[in-house]
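For reference, the structure discussed in these notes is given below.
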Amino acid sequence: MILDIEKMTALVFSEYKNIAIKLHAIEQSEAQDQSKESSEASALSAFNRLLPDGINTKDHFFYSIKIHTTKSIAGYIWTYHHETATGMEAYLYDILILEEYKRMGIGKKSLGQILENLKLAGFRRVVLHAFSRNQAAINLYRSLGFRETSIYMAKNLK
């Protein structure tokens with residue numbers, strides 16, 4: 001399957017934002033034992049804090065993953081680029097594959113393309129966060145050479 005990874009439009013960004021907030025809230029709710037409402041408010045707050053200018057926020061880049069033959073959107077990618085003391089680094093905020101396109105290799109193929117583009121552009125490193133319950137994502141990242149560099153742990157006291 002041939003994929004096109006294109007710069008996201010403002011209209012698509014609006015759709016992506018709604019989907020991403022809902023899915024992040026579900027993950028956060030399950031991982032942190034919070035109510036869905038509290039998690040959704042927290043996800044919206046974080047999204048707005050990280051992206052004060054929405055799709056035009058400096059150093060943040062948004063892509064649509066499209067099926068080449070149909071031009072259907074299969075998913076989205078959000079990265080942040082910044083300079084560190086040791087060189088350029090990218091943070092992968094999100095790779096979101098729509099449900100009907102999961103388990104088709106689209107995540108691996110599109111993320112592989114993004115990683116190759118970053119490498120060719122001179123980036124030194126890519127980092128990301130994955131919820132520990134999201135084993136499919138963790139397996140994908142490991143298959144592409146990512147490794148754990150720290151572990152965040154929590155214990156509920158209630």
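The values are calculated or read from the model by the stated rules, or taken from the named source; none is laboratory data. Predicted, not measured: the structure shown is a model, and the values here were computed from it. Glycine also receives a Cβ, built like all others from the backbone with ideal geometry; neighbour counts cover every protein chain displayed. Ligands, DNA and RNA are stripped out before the accessible areas are found, and what is left, the full protein with its side chains, is counted by its heavy atoms. Shrake-Rupley method; radii C 1.70, N 1.55, O 1.52, S 1.80 Å.
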For Ile114, indicate whether it is over 18 Å from Phe146 (Cα atoms), in contact with a Ser or Thr (Cβ under 8 Å, 6 or more places away or on another chain) and part of a helix (DSSP H, G or I).
no
Just need a number here: residues in the stretch 33-59 that are open to solvent by 70 Å² or more (accessible area, probe 1.4 Å), modelled with pLDDT of 95 or more and hydrophobic (A, V, I, L, M, F, W, C).
0
Filtered residue count, the stretch 62-105, keeping only those that are aromatic (Phe, Trp, Tyr), open to solvent by 50 Å² or more (accessible area, probe 1.4 Å) and without any contact (Cβ under 8 Å) to a residue 40 or more places away in the chain:
2
Taking the stretch 1-17 and keeping only residues that are within 14 Å of the chain's Cα centre (by Cα) and either assigned to a helix (DSSP H, G or I) or within 20 Å of Arg133 (Cβ to Cβ) (or both), one is left with Phe13, Tyr16, Lys17
Total residues in the stretch 124-158, condition farther than 26 Å from Met88 by Cβ and among the polar types (S, T, N, Q):
5
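Being in contact with a Lys or Arg (Cβ under 9 Å, 6 or more places away or on another chain) and not hydroxyl-bearing (Ser, Thr, Tyr) is true for just one of Ala136, Ala130. Which residue is that?
On the way: Ala130 fails: in contact with a Lys or Arg (Cβ under 9 Å, 6 or more places away or on another chain).
None of the other options fit; the residue is Ala136.
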I'd like to check something: does the stretch 18-32 contain any residue that is polar (S, T, N, Q), within 26 Å of Lys109 (Cα to Cα) and either open to solvent by 80 Å² or more (accessible area, probe 1.4 Å) or assigned to a loop (DSSP other than H, G, I, E, B) (or both)?
yes
Residues Phe123, Phe62: which one is modelled with pLDDT of 90 or more and closer than 22 Å to Ser143 by Cα?
Phe123
Over the stretch 123-158, the set of residues open to solvent by less than 90 Å² (accessible area, probe 1.4 Å), touching a strand residue (DSSP E or B) at 6+ places or on another chain (Cβ under 6 Å) and not aromatic (Phe, Trp, Tyr) is Val126, Val127, Leu128
